[in-house]
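The values are calculated or read from the model by the stated rules, or taken from the named source; none is laboratory data. Keep in mind that what you see is a predicted model, and the values were worked out from it rather than measured. Note that we place each Cβ from the backbone using ideal geometry, even for glycine, and neighbour counts take in every protein chain shown.
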Amino acid sequence: MPTAGGDAHSQAEERLAAVDARYTSKRKALVEVFIRSKRPMTLPEVIAANASLAQSSVYRNLATLEAAGVIHRIVTSDDHARFELAEAISGHHHHHLICSMCGSIEDFTLHPRVESAVAREFAGVAERRGFTTNAHQMDLIGRCAECATAE
């Protein structure tokens, strides 16, 4: 499975080529921002992480990277979607805790035995419906500790 760093760049380049898009220096800079990030980021956070990137350019390039399967968009209840490297690029399978009040996102992983059981159950559901899967994602939506305390 791919890992962040050099392999992430080669995976990104391959995925972009598959949709007839080039791996430009601005796209490479964006991928580098996500490699360094430890959590999903909003558009303003991405721009703050690399001040040399113009907002309009970041927005257009994120759309291209998302269409190529390099970046994954996570929609929350606040004004900003979050973005992170796609699992196929990062090599890091995880799930999300999404706060429905403030939009914050926290990654979490399941114990390998639980993850395996979830994957088997999902595969069974898909098979019974004639659906072919290649991955799964699971988000838990509720209130983060800070928002729950504020209520």
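Laid out as a table, the results:
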| quantity | calculated |
| --- | --- |
| Filter result for Arg120 (in a helix (DSSP H, G or I), farther than 22 Å from His9 by Cβ and either touching a residue at least 12 places away in the same chain (Cβ under 8 Å) or not hydroxyl-bearing (Ser, Thr, Tyr) (or both)) | yes |
| Among (1) within 19 Å of the chain's Cα centre (by Cα); (2) not assigned by TED's automatic domain parsing to the domain that holds Ala12 - the single one Ala88 does not satisfy | (2) |
| Selection status of Ser57, exposed (fewer than 14 other Cβ atoms within 10 Å of the Cβ) and either at negative phi or assigned to a loop (DSSP other than H, G, I, E, B) (or both) | no |
| Subset tally (residues that are modelled with pLDDT under 95 and surrounded by 11 or more Cβ atoms within 10 Å (Cβ to Cβ)) for the stretch 124-139 | 5 |
| Val46 over 18 Å from Phe83 (Cα atoms) and either touching a helix residue (DSSP H, G or I) at 6+ places or on another chain (Cβ under 9 Å) or at pLDDT 95 or above (or both) | no |
| Positions within the stretch 123-151 being outside any loop (DSSP other than H, G, I, E, B), more than 23 Å from Gly69 (Cβ to Cβ) and among the acidic types (Asp, Glu), in sequence order | Glu127, Glu146 |
| Test: Thr64 is of a type in the set (S, T, N, Q) and at pLDDT 95 or above | yes |
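Conditions (1) over 13 Å from the mean Cα position of the chain (by Cα); (2) part of a helix (DSSP H, G or I), marked per residue:
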| position | (1), (2) |
| --- | --- |
| Leu16 | yes, yes |
| Asp20 | yes, no |
| Ala29 | yes, yes |
| Ile35 | no, yes |
| His80 | yes, no |
| Glu84 | no, no |
